[in-house]
1. Name the residues in segment 260-274 that are in contact with a helix residue (DSSP H, G or I) (Cβ under 9 Å, 6 or more places away or on another chain) and either assigned to a strand (DSSP E or B) or within 15 Å of Arg304 (Cβ to Cβ) (or both), would you?
2. So which of Ala110, Ala130 ends up being assigned to a helix (DSSP H, G or I), small (Gly, Ala, Ser) and surrounded by 24 or more Cβ atoms within 10 Å (Cβ to Cβ)?
3. Output yes when any residue across segment 95-103 is in contact with a helix residue (DSSP H, G or I) (Cβ under 7 Å, 6 or more places away or on another chain), modelled with pLDDT of 95 or more and not in a helix (DSSP H, G or I), and no when none is.
4. Filtering segment 666-683 down to residues that are open to solvent by less than 30 Å² (accessible area, probe 1.4 Å) and part of a loop (DSSP other than H, G, I, E, B), which residue is farthest from His67 (Cα to Cα)?
5. Would you point out the residue of segment 38-68, among those that are open to solvent by less than 10 Å² (accessible area, probe 1.4 Å) and of a type in the set (Val, Ile, Thr), that is farthest from the chain's Cα centre (by Cα)?
6. I'm told Pro461 meets every condition in (1) free of Cβ contacts under 8 Å to residues at least 40 places away in the same chain; (2) open to solvent by less than 20 Å² (accessible area, probe 1.4 Å); (3) not in a helix (DSSP H, G or I); (4) not small (Gly, Ala, Ser) except one. Can you identify the failing condition by its number?
7. Given the criteria farther than 23 Å from Trp621 by Cα and either among the aliphatic types (A, V, I, L, M) or open to solvent by less than 40 Å² (accessible area, probe 1.4 Å) (or both), does Ala526 qualify?
8. For residues that are over 29 Å from the mean Cα position of the chain (by Cα), outside any strand (DSSP E or B) and of a type in the set (A, V, I, L, M), tally how many sit in segment 684-700.
Amino acid sequence: MPSCCSPSSSRLLALLFSLVVLGGVTGCVDGPERTEILWDTWGVPHVYSPDADSLMYAFGWAQMRAHGNRVLRLYGEARGRAAEYWGPEHLDSDRRIRTLELPALGRQWANDQNEPFRGYLEAFVDGMNAYAKAHPDRLDDAREAVLPVRPRDVFAHVLRAVHVSFVARGDLQRAQRWRRRAGSNAWAIGPSRSASGNAMLLTNPHLPWGEQFTWFEAQLVGPGFDAYGAALLGMPFPGVAFNQHLGWTHTVNTIDASDLYRLRLVDGGYAWNGGTRPFNTDTTVLRAKRDDGSMRTDTMVVRRSVHGPVVARRGDEALALRIAGLSQSGLFEQYWRMLQATTLSQFEAALRRLQMPMFNVVYADEDGHILYHFGGRVPKRDRGDWAYWQGVVPGDTSATLWNSVHAYEELPRVVDPPSGWVQNANDPPFTSTFPRRVDPSEFPDYLAPQVPRPAARMFRPQRSIGMVAGDSSITFAELQAYKNDTRMLAADRLLDDLLPAVQEHGDDRAQRAAEVLADWDRTADAESQGSVLFAYWLRGIMEDESPFATPYQPGAPRTTPDSLANPKAAVQTLAQVARKVESRHDSLDVPWGAVHRLVGPNGSYPASGGNGLFGLFRVLWFGEMEQGRRRATGGDSYVALTEFTEDGPRARAVLPYGNASQPGSPHRGDQLEMYAEKRMRPVWLHRDSIRAHLERRTTF
């Protein structure tokens with residue numbers, strides 16, 4: 001980057017930063033060594049810089065240009081001041097953020113950063129602030145209250161997005177009825193199972209579409225690496241990515257890295273080891289902006305036990321939450337080193353830092369290595385199995401208080417298995433490949449469930465395993481086809497019981513419904529007729545805690561659960577839902593895509609895919625719309641296929657909701673139609689191909 005644009009400090013940037021707009025090109029041009037962003041026709045920024053500080057500055061700039069309003073909202077929420085900025089409807093969020101002390105933790109993380117990473121982070125926020133200063137007209141006035149952005153805001157946001165929304169999600173659901181959904185698919189294909197002899201990687205996280213789960217796709221080319229991938233918005237590093245040598249993706253693993261402790265309240269404190277221990281308390285002021293602009297103030301008391309903050313209270317009991325990884329502030333540095341790695345050994349050296357508190361890692365590289373690792377900070381516990389720690393545990397004794405975690409080598413790991421593949425679809429680590437390479441008996445009972453609940457959650461992993469294990473020579477094109485597969489495995493397990501039972505027990509409506517299901521292709525493709533009816537029926541029988549005659553069995557992990565426990569009751573459910581389907585949709589064989597829609601700013605498209613509990617690999621989650629229709633709200637988010645060839649990586653990708661959310665951007669929802677048609681776009685990795693598809697160029 002030329003000295004005229006060097007981000008050496010925020011104050012210097014404020015004085016020296018300028019932009020000149022000349023046609024479609026913006027920036028200062030000063031010599032051959034400069035930082036530039038080449039924006040391709042899908043709105044993906046390809047950032048080139050001769051130094052890391054300038055690279056991070058431009059990356060912050062790019063995030064603000066594409067998602068400025070959303071970034072500022074996320075940072076404002078992570079400060080616990082959203083109600084102060086935007087009104088009392090944000091008070092619940094502010095209370096949660098303040099209770100979990102995320103602003104203070106974010107400040108501590110920022111202070112903990114070593115050089116050069118402290119400087120990289122400062123450059124990242126400098127780029128954001130510089131964009132906001134140069135283009136105030138492109139940001140909502142209400143969002144500008146958050147400016148300027150500071151490094152501590154970035155880390156408070158990281159803590160909220162990772163430690164709260166992922167790690168502690170289940171415990172917060174139990175304590176505060178707080179609901180979030182997350183999942184993913186991932187495959188790594190080794191040379192022995194690849195038609196080309198090259199390793200391949202499938203990246204397919206499942207997240208809500210928006211908020212802190214928004215993916216931002218980018219290429220970062222700087223000293224020591226050339227990386228392409230997607231960052232969760234507001235974060236200074238790609239979370240899933242590949243470079244010229246290797247790549248990785250994540251899935252949500254079956255990890256328990258947070259726990260709820262039941263406290264018995266005694267004399268202003270809580271019972272502890274036969275005595276009483278006082279809470280540590282702080283009083284904080286919450287401000288909420290009224291419609292007339294005036295401020296209302298509330299106070300709240302944050303109580304902390306030895307376990308962590310109190311997150312719920314009822315009568316003479318309280319619940320305290322303990323989250324692993326809150327003091328591990330080297331997350332940014334770990335991912336930077338992952339981006340720089342060129343070999344499996346270098347990559348694993350970065351992973352061994354265990355700064356990320358959860359997530360499976362699925363990896364492939366140019367040397368043909370593939371890896372599955374059950375990542376995260378798994379507490380070392382002295383008692384109890386998985387089920388015990390899924391509940392609320394006694395908080396009156398140090399016997400249940402964990403203070404250390406398992407090392408990297410103590411966690412499930414598979415490298416280059418004889419099968420030639422590893423996969424994860426949010427199943428436990430024991431089914432990451434077949435023949436099995438992870439033996440449950442070698443790990444603590446609390447590490448992961450051997451019998452997942454509900455049992456139907458194994459249908460999607462079983463579909464995943466069936467596809468990858470059933471093809472001994474997978475091409476790149478086939479990898480894309482497998483990703484878009486919409487077979488409902490649950491139908492293969494259950495219809496062979498249901499249809500004969502209808503003949504014996506069904507009334508006229510059930511008989512007509514059975515005829516539709518008998519003719520159905522057992523997919524959730526947009527044009528599929530029968531899938532809507534089956535989905536209604538499956539949801540109905542799943543209200544029974546034990547709908548399967550053969551429950552899931554660890555000894556038969558690819559074929560159970562199976563069959564109907566009560567076929568007669570299942571027939572009655574079919575008759576009931578058939579009435580509902582006819583009432584809502586006028587027909588029992590209404591096409592899936594007529595009901596399930598992909599709705600964006602440029603139109604509405606028929607959807608293919610659905611809930612993983614149906615055994616679907618192409619996952620979409622839906623919310624209700626008018627006239628009984630349903631609108632996609634999450635599921636498949638960033639999807640990428642990567643092959644590591646002799647000439648370097650090649651890749652295809654799709655980001656259904658597009659790589660921008662700012663009003664007026666042509667990239668809001670511009671990939672939704674492509675996703676609806678099961679297409680993916682080529683990823684442009686070299687300057688020549690990027691320039692051939694250049695929309696805009698920004699130089700600094």
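The values are calculated or read from the model by the stated rules, or taken from the named source; none is laboratory data. All values derive from a computational prediction rather than experimental measurement. Glycine gets a Cβ as well: all are built from the backbone with ideal geometry, and neighbour counts include every protein chain shown. Protein only, heavy atoms only, side chains kept; ligands, DNA and RNA dropped before computing areas. Shrake-Rupley method; radii C 1.70, N 1.55, O 1.52, S 1.80 Å.
1. Listed by number, the residues that qualify are Leu260, Tyr261, Trp272.
2. Ala130
3. yes
4. Step by step, filter segment 666-683, then rank; the result is Met680.
5. Of everything passing the filter in segment 38-68, Val47 is farthest from the chain's Cα centre (by Cα).
6. Tallying (1) free of Cβ contacts under 8 Å to residues at least 40 places away in the same chain; (2) open to solvent by less than 20 Å² (accessible area, probe 1.4 Å); (3) not in a helix (DSSP H, G or I); (4) not small (Gly, Ala, Ser), Pro461 fails exactly one: (3).
7. no
8. Result for segment 684-700: 1.
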